[in-house]
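Trainee: Next up is a structure, given as structure tokens.
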């Protein structure tokens, strides 16, 4: 009965943790997707095809793959222009560089456009905005604030001055390397990196960071129609957008799913749920559900780990935290090991993802809301397991050991056994040393051998009549 209670509590804990993940991960996706529309049949319409891509979430590996593949598809379709709308707070440095590299080498002219009104292209988004052939913004938008950040859980931390200067100088040089060739104001652009300066659309236009301000995509195409632009390789191209045909390329279902998985917060939650499921399955074998769902979560976390810039120190701190939680349940340390485990896992979560330019990683709120319940579940489950090992067996022969009963037929040696009434049943009984125990005496069971109980007297022996 107690074993069933432990198993039920363990399964309930796993299901509760899983429901928390699904509730969190069930937030509406910012990028919805269908397959890209087919290219127009006629050559005339193909020459004015505008492929539209969207960056409207944090920049991460799957989003970068979507943009890079969209640029390749636009080239295959012989599109006349690629429009990338931006509404992003930033993202991972590595993913940002993949997108910029694809833009700079695109055979099709690329326009980056901060849209709709109220959007921003901050941090990594600022780098991407200035990398295109044409940079545009809609009214009521802003860009900039692209200083390199060394942060833990979204909170800036102090680092060695030499390292901070190294990161800052490299980011600044990277931005200037293509902004200068695009003919934009490299000096003003550098202030977004060195001084974290941000710009409204009017300030960006007056400072020659962007090429124009447009109220809508249609207004943008009208202003670009007939304009001659200089590509990154020096070639001159005249845009013909008198009758543009917009072909939106959205994320497909696979990319939408993977985009959610590789979010740092989701990756951390999957990693912890996977570890919890496997742990429960090992401590309560035969439950199956924790092992199955934990294995799936762990494999998804390993997939995300393959794409994200994971910090090994963060992984090691999480492993250390798991060990401390288990030891806390085994040894009476008055919570010292448990507190140490919480601190280790918090630090591991906050250090899990490294992105020096953008500071993107596991948020402090997510880390705290996952670590504390996880610590409680692990410690409670481990203590239940240890307590269940100390329980006296309630079934089988072992439950008879230590039980007391009455002699109903005189008990002697193994060769002359008697009968005892124990646990509501009549058992054949004998004594090891051949001692005779009379009828009515009280005995205690010492051992069970086959169907014979080995007993000892616990009451004063009476003379055998």
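Trainee: Once you have the Cα-Cα distance between residue 231 and residue 246, take 0.36 nm times their residue separation minus that, and quote the gain in nm to one decimal.
Mentor: Stretched fully, the residue 231-residue 246 segment lengthens by 3.2 nm.
Trainee: Give the peptides 128-137, 190-199 in descending order of average Cβ contacts within 10 Å, highest first.
Mentor: 128-137, 190-199
Trainee: Same structure, new question: Distance between Cα centroids, the stretch 260-333 to the stretch 409-450: provide it in whole Å.
Mentor: With the stretch 260-333 and the stretch 409-450 each reduced to a Cα centre, they are spaced 54 Å.
Trainee: At 0.36 nm per residue, and after removing the present C-alpha to C-alpha distance, how many nm does the segment from residue 380 to residue 408 gain when stretched out fully?
Mentor: 5.4 nm
Trainee: What's the extension gain from residue 168 to residue 448 if we count 0.36 nm per residue and subtract their Cα-Cα distance?
Mentor: In short, 93.1 nm is gained.
Trainee: Does the stretch 43-249 come out rounded, prolate or oblate by the C-alpha gyration tensor, with a ≥ b ≥ c the root eigenvalues, rounded set by a/c under 1.5 and, if not, prolate when a/b is larger than b/c and oblate if not?
Mentor: Prolate, because a/c is 1.5 or more and a/b exceeds b/c.
Trainee: Once R0 is set to 51 Å, what does the formula 1/(1 + (r/R0)^6) return for the Cβ-Cβ distance between residue 319 and residue 194, expressed as a FRET efficiency to the nearest 0.05?
Mentor: Between residue 319 and residue 194 the formula returns 0.85.
Trainee: Using the per-residue mean of other Cβ atoms lying within 10 Å as a proxy for protection, in what order, highest first, do the peptides 231-237, 300-306 fall?
Mentor: The peptides rank, most packed first, as 300-306, 231-237.
Trainee: Taking the beta-carbon count within 10 Å as an exposure proxy, list 328, 255, 404 from fewest neighbours to most.
Mentor: By the 10 Å Cβ count, ascending, the order reads 404, 255, 328.
The numbers here are math on the coordinates, done by the rules we state, and not lab data. Since the model is a prediction, treat every value here as computed from it, not as a measurement. Please note: Cβ atoms are built from the backbone with ideal geometry, for glycine as well, and neighbour counts cover all protein chains shown.
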